[in-house]
Amino acid sequence: MSLPSRITQTFAQLKDQGRKALIPYVTAGFPYADITPDLMHGMVAAGADVIELGVPFSDPMADGPVIQKAGDKALSFGIGMVQVLDMVRSFRTQNSHTPVVLMGYANPVERYDQKHGTDAFIRDAAEAGVDGVLVVDYPPEECAEFAEKLKAHGIDLIFLLAPTSTAVRMQQVADVASGYVYYVSLKGVTGAGTLDTGAVEAMLPRIREHVKIPVGVGFGIRDAQTAVAISRVADAVVIGSKIIQLIEDQPKEQVIPVAETFLKGIRSALDA
C-alpha cells in the first residue's frame, strides 16, 4: 500500500486545522532565470501550502497575456523541462514538505520522453521531488495509464474543470484525478475577466457530487477579499496572474519581498 502523497497529506493537515490551502502559481525561470527556487522558499515563508510551477511553453493556449508573456521571457532564458526539474531539486535541498505541482502542456512532457527515454519524465520528476502534474491539454479519458504510472511514483495527476464542464466530464475527471482538482472559475484564459463568486458557490456542490478530493479554485483571484469569498466554498485558493503582474517589472532584489508581502496579506485574510 503506497503512502498518501504529499499533496493529500497537506490537505488533510489543513482540514484538521480548519484552514484553506493557498496555492500560488509562478512561471519557472521568471522574471529572472535563476530566481525560482529562492522565490519558492519566499512564498512558503509567506504562507503558501502548495506551489504550482509553470513549465514554459511556446503555445500556452489556456494562458492569458500575462502568463504568456512570462513564459516567453523564461523561454528566452533557455528554460525548459530539464531546467524546471533542476529548480525543483534545488528547492528540495531545503524543503522536503511543501508540495510542488508542475503545470503545463503535453508538448514539453512528451518531448522530454523523446529525448530521455520512455517514461523518463515521470521517473525524473519523482526523483526531483515533484508531487503533482497538471497537463492542460491531456483529456482525462486518455489518461488512466499515465495517472497510474504517476501514482506509482507518488505523483498526483491534477485536472482542470470549468464552468462549462458537464456531469460526464466531472465524472471522467473524478475517475482519474488525485491530489486535488482545479476549478477554473472563468470562461476564457488565465487572468481574464472578474470573478463571479456567486457562480462559483453554485458550481462547487455540483462538482462535489462527482469529485471526492479537494477542489481548488483559480483564474481571476486578485485580492484578499476575493480569496476569502472563494475560500468559504473551496478547499484551496489558486493565484497566478496577479503574482506574475506584481513581480514582472521588479528589480531582482525586490521580486521575493513583493511576492511575500502580497501572499502574506492573502494568508492572513484566509486565516482570519
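Just so it is clear, none of the values below were taken in a lab; they were calculated from the coordinates. Keep in mind that what you see is a predicted model, and the values were worked out from it rather than measured. Note: ideal-geometry Cβ built from the backbone for every residue, glycine included; neighbour counts use all protein chains shown.
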**Q.** Percent of C-alpha pairs per 5 Å bin, the stretch 1-133, short to long
**A.** 2, 10, 20, 23, 20, 15, 7, 3, 1
(Q) Under 5 Å between amide hydrogens, which residues at least 5 positions from Ala21 or on another chain qualify, with H placed 1.01 Å from N in the peptide plane? (A) Ala236, Val237
Q) Magnitude of the Cβ-charge dipole of the stretch 139-267, K/R +1 and D/E -1, about the Cα centre, nearest 20 debye? A) 280
(Q) Report D for the stretch 189-272 in µm² per second (integer): Stokes-Einstein, Kirkwood Rh on Cα pairs, 4 °C, 1.567 mPa s. (A) 94
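What does the charge count around Ile243 come to, taking other residues whose C-beta lies under 14 Å from its C-beta (Lys +1, Arg +1, Asp -1, Glu -1)? Write out the running numbers ahead of the final one.
Details: positive: Lys69, Arg222, Lys242, Lys264, Arg267; negative: Glu52, Asp63, Asp223, Glu248, Asp249, Glu260.
In short, -1.
Please compute the contact order of the chain in relative form: average sequence separation of alpha-carbon pairs under 8 Å and at least six residues apart, divided by the residue count, as a percent. All intermediate terms of the calculation are to be shown ahead of the outcome.
Numbers: 497 pairs, mean separation 63.1, N = 272.
Once divided by the residue count of the chain, the mean separation gives 23 percent.
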Q | Positive-end residue, the stretch 6-271 charge dipole about Cα centroid, Cβ charges, pick of Gln17, Pro108, Ile122 | A | Gln17
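With charges set only on the Cβ (+1 for Lys and Arg, -1 for Asp and Glu), what does the dipole of the chain come to about its Cα centre, in debye to the nearest 20?
Details: 24 positive and 32 negative charges, 116 e Å.
Charge dipole, the chain, about its Cα centre: 560 debye, nearest 20.
Rounded, prolate or oblate for the chain? Axes are the square roots of the Cα gyration tensor eigenvalues, ordered a ≥ b ≥ c, and the cut-off for rounded is a/c under 1.5. Please list the in-between numbers first.
Values: a/c = 1.32, a/b = 1.04, b/c = 1.27.
In terms of gyration-tensor shape, rounded.
Which entries of Lys187/Lys242; Lys187/Lys252; Lys69/Lys149; Lys151/Lys212; Lys115/Lys242; Lys115/Lys151 have Cα-Cα distances beyond 29 Å here? Each step should come with its number before you reach the end.
Working: Lys187/Lys242 18 Å; Lys187/Lys252 34 Å; Lys69/Lys149 33 Å; Lys151/Lys212 17 Å; Lys115/Lys242 34 Å; Lys115/Lys151 23 Å.
Lys187/Lys252; Lys69/Lys149; Lys115/Lys242, as the Cα separations exceed 29 Å there.
Once you have the Cα-Cα distance between Glu127 and Glu145, take 0.36 nm times their residue separation minus that, and quote the gain in nm to one decimal. Don't jump to the answer; show the numbers that get you there.
Numbers: separation 18, 0.36 × 18 = 6.48 nm, distance 1.97 nm.
This chain segment gains 4.5 nm when fully extended.
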(Q) Of Ala28, Ser231, Val176, which is farthest towards the positive pole of the stretch 6-271's charge dipole, taken about the Cα centre with +1 and -1 on the beta-carbons of Lys, Arg and Asp, Glu respectively? (A) Ser231
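Place a +1 charge on the Cβ of each Lys and Arg in the stretch 211-272 and a -1 charge on the Cβ of each Asp and Glu, then give the dipole magnitude about the Cα centre in debye, rounded to the nearest 20. Display every interim value, and only then the final one.
Details: 7 positive and 7 negative charges, 49 e Å.
Using only the charged Cβ atoms, the result is roughly 240 debye.
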Q | Förster-model FRET efficiency, 35 Å R0, Asn107 and Gln245, C-beta, rounded to 0.05 | A | 0.85
(Q) Whole angstrom only: what separates the Cα centroid of the stretch 204-228 from the Cα centroid of the stretch 5-31? (A) 13
Q) In the neighborhood of Met43, defined by Cβ-to-Cβ distances under 12 Å, what is the net charge if each Lys or Arg adds +1 and each Asp or Glu adds -1? A) -2
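Can you give the FRET efficiency to the nearest 0.05 for Arg232 and Ala45, using r as the Cβ-Cβ distance and R₀ = 30 Å? It would help to have the intermediate numbers written out before the result.
Working: r = 26 Å, r/R0 = 0.86.
Here the calculated transfer efficiency is 0.70.
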**Q.** Extreme residue, positive dipole direction of the chain, given options Ala167, Leu195, Ala272 (C-beta unit charges)
**A.** Ala272
